[in-house]
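Working notes, beginning with the structure itself.
The values are calculated or read from the model by the stated rules, or taken from the named source; none is laboratory data. For clarity, every value in this text was computed on a predicted model and none was experimentally measured. No Cβ is skipped: glycine too gets one built from the backbone with ideal geometry, and neighbour counts run over all protein chains shown. Surface areas here come from the heavy atoms of the whole protein model, side chains and all, with no ligands, DNA or RNA. Shrake-Rupley method; radii C 1.70, N 1.55, O 1.52, S 1.80 Å.
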Amino acid sequence: MHSHYLPKIFIISVLAIISITSSAQQKRMRDYVGFGPGVLKTGQYNAITDVEGVTVGHVTLKRGSDVRTGVTAILPHSGNIFQNKVPAAVYVGNGFGKLAGTTQVMELGNIETPIILTNTLNVAEGIIGTVEWTLAQKGNERVQSVNAVVGETNDGGLNDIRGRHVTKEDVIKAIESAKGGPVEEGCVGAGTGTVAFGLKGGIGTSSRVLPASMGGYTVGVIVQSNYGGVLEIDGVPVGQLMEHYSFRNNILQDVDGSCMIVVATDAPVDARNLERIAKRAIMGLAKTGGIASNGSGDYVIAFSVNKDNLIDGKTKTYSPTLLHNDDMSGLFMATIEATEEALWNSLFAAEDSIGYDGELVKAMDKEKVAGYIKKARKAVKK
């Protein structure tokens, strides 16, 4: 997604690289506030990788004082994705962006490659790397058309975006490094140089598991946050309390940007109901205070990895197992909750970052924000 978001929050002369906290040490929203938002339970890792078979890989590029960008790859399953496509859908919250591969997904209702996230001017490299990786997979020797799905946000505030530093090799490395388990968040991969609500954004993830009575299905979300509005966390008007929001002083500031949201589930749903799920992810974005401004590209990609519904191109027909429409509401709720927490996690996991032209983008004051949230929760319980 394209944006003209080039924040000039605070310029200093010191050129330094802010180190990234390792995934083992990273603290997330629940670590700071002591409880989780929403009413549904999370999966084991509270990540998109709680959906069985889904893996995530990052390549983080931090070089000198100007390069702050990267690649994040999401793989629906570990098999040959081209030969075993996944049902999928795309929903556009606001279309100021470049999400490659959308028309084929909308037309055919499936995805046949890893999903790549990067920066606005490196979408082409995302496509090239994904195509080369796909063509090299065993069983694809006769393939002559590949629909790579590549999304972006503009990290030009912290990154020398015109330098186009992401290479096809970086894309392939992100794909090949993808793994399950805990997912590193914050200033990593495609979130290395992103900014949300005028604060350091990045990669965030979360999951929800429906109770057995509702099928026990898992919904996982991963986001690349780079958007604006008036920040709310767990119903608390955090942006206003911090006096840091897009419309302060009657000036439009820190409002443009973009947000990529990827939703995965193991529920047996087809492209039609996946689009309905994707629409609910935008509701999750709205609950964080995002407004999908004119200059913001806000996209959702949703897919299902249910084994009964993988699309084998070698067969003439297939008989998918599908949930009834009346059974979709739990998945809608799970998507909203996982999306909003993933976006909040992208802020809680981020760190102060110095980049292009010596610009400093501060991370959210996590302890102060946690205090607001805990105080509000106590007031509700009284």
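³J(HN,Hα) across the stretch 345-351 via Karplus (A = 6.51, B = -1.76, C = 1.60, θ = phi - 60°), whole Hz, x for Gly/Pro?
4, 4, 7, 5, 8, 6, 10
Can you give me the relative contact order of the stretch 207-282 as a percent, contacts being Cα pairs under 8 Å and 6 or more apart?
32
Counting alpha carbon pairs within less than 8 Å and at least 6 residues apart, what relative contact order, in whole percent, applies to the chain? Don't skip to the answer; put the middle values down first.
Values: 1088 pairs, mean separation 102.1, N = 382.
Averaging sequence separation for qualifying contacts and normalising by length gives 27 percent for the chain.
Once amide H atoms are built 1.01 Å from N in the peptide plane, which residues 5 or more positions from Ile111, or in another chain, come under 5 Å H to H?
Val86, Ala88
Could you rank Ser145, Ser346 by how accessible they are, 1.4 Å probe, largest area first?
Correct descending sequence by accessible area is Ser145, Ser346.
In deg cm²/dmol, rounded to 500, what helix-only [θ] at 222 nm does the chain give when every DSSP H run of at least 4 residues adds -39500 (n - 2.57) and the total is split over its residues? The partial results should precede the final answer.
Details: 8 runs with 91 residues, N = 382.
My calculation for the chain gives -7500 deg cm²/dmol from helical runs alone.
Once you place label points 7 Å from the Cα toward the Cβ at Asp31 and Met214, how far apart are they in nm?
Distance between label points: 2.8 nm.
Does the stretch 227-309 classify as rounded, prolate or oblate by the C-alpha gyration tensor (a ≥ b ≥ c root eigenvalues; a/c under 1.5 gives rounded; else a/b over b/c gives prolate, otherwise oblate)?
Working: a/c = 4.16, a/b = 2.45, b/c = 1.70.
Note, shape of the stretch 227-309 comes out prolate.
Loop only per DSSP, at most 12 neighbouring Cβ atoms within 10 Å: give me the chymotrypsin sites (Phe, Trp or Tyr not before Pro) in the stretch 258-325, ordered by residue number. Before the final figure, lay out the partial values.
On the way: sites: Tyr299, Phe303, Tyr318; in loops: Tyr318.
Passing sites in the stretch 258-325 are Tyr318.
For a 30 Å ceiling on Cα separation, which of these pairs sit above it: Lys179/Lys374; Lys62/Lys307; Lys287/Lys378; Lys41/Lys279; Lys168/Lys368; Lys287/Lys381?
Lys179/Lys374; Lys62/Lys307; Lys168/Lys368
Using the Karplus curve 6.51 cos²θ - 1.76 cosθ + 1.60 with θ = phi - 60°, what ³J(HN,Hα) values do you get for each residue of the stretch 32-46, in whole Hz, with x for Gly and Pro?
Those phi angles translate into 7, 9, x, 7, x, x, x, 10, 9, 7, 8, x, 4, 9, 6 Hz.
For the chain, what proportion of DSSP beta bridges, expressed in % and rounded to the nearest 5, is antiparallel?
Details: 49 of 63 bridges.
Of all bridge pairs located within the chain, approximately 80 percent are antiparallel.
Can you give the net charge of the other residues whose Cβ lies under 11 Å from the Cβ of Asn306, counting K and R as +1 and D and E as -1?
Details: positive: Lys307; negative: Glu52, Asp266, Asp270, Asp308.
Overall, the nearby charge balance is -3.
His324 to Glu107: FRET efficiency via 1/(1 + (r/R0)^6), r the Cβ-Cβ distance, R0 35 Å, to the nearest 0.05? Walk me through the numbers before you get to the answer.
On the way: r = 25 Å, r/R0 = 0.72.
That gives a FRET efficiency of 0.90.
Just flag the trypsin sites (Lys or Arg not before Pro) in the stretch 46-142 sitting in loop per DSSP whose Cβ has no more than 14 other Cβ atoms within 10 Å. Don't skip to the answer; put the middle values down first.
On the way: sites: Lys62, Arg63, Arg68, Lys85, Lys98, Lys138, Arg142; in loops: Lys98, Lys138, Arg142.
Filter output for the stretch 46-142: Lys138, Arg142.
Candidates (1) 26, 55, 18, 1; (2) 32, 58, 9, 0; (3) 17, 25, 21, 17, 11, 6, 3, 1, 0; which is the computed P(r) over Cα pairs in 20 Å bins from 0, in percent?
(2)
Sort out for me the Cα centre separation of the stretch 116-158 from the stretch 301-337, rounded to whole Å.
So the separation of the two Cα centres works out to 24 Å.
Do any chymotrypsin sites (Phe, Trp or Tyr not before Pro) in the stretch 21-112 lie in a loop, going by DSSP, with at most 11 other beta-carbon atoms within 10 Å of their beta carbon, and if so which? It would help to have the intermediate numbers written out before the result.
On the way: sites: Tyr32, Phe35, Tyr45, Phe82, Tyr91, Phe96; in loops: Phe35, Tyr45, Phe82, Phe96.
When the chymotrypsin sites (Phe, Trp or Tyr not before Pro) of the stretch 21-112 are filtered for loop state and at most 11 Cβ neighbours within 10 Å, Phe35 remain.
Might you tell me the accessible area per residue for the chain, computed with a 1.4 Å probe and given in Å²? List each step's numbers first, then the result.
Numbers: 15500 Å² over 382 residues.
Here the residues of the chain average 41 Å² of exposed surface.
Give the carbon-plus-sulfur fraction of the accessible surface of the stretch 230-382 in %, rounded to a whole number; probe 1.4 Å, heavy atoms of protein chains only. Intermediate results must be reported in sequence, preceding the final value.
Working: 3310 of 6720 Å².
The nonpolar share, carbon plus sulfur, comes to 49 percent.
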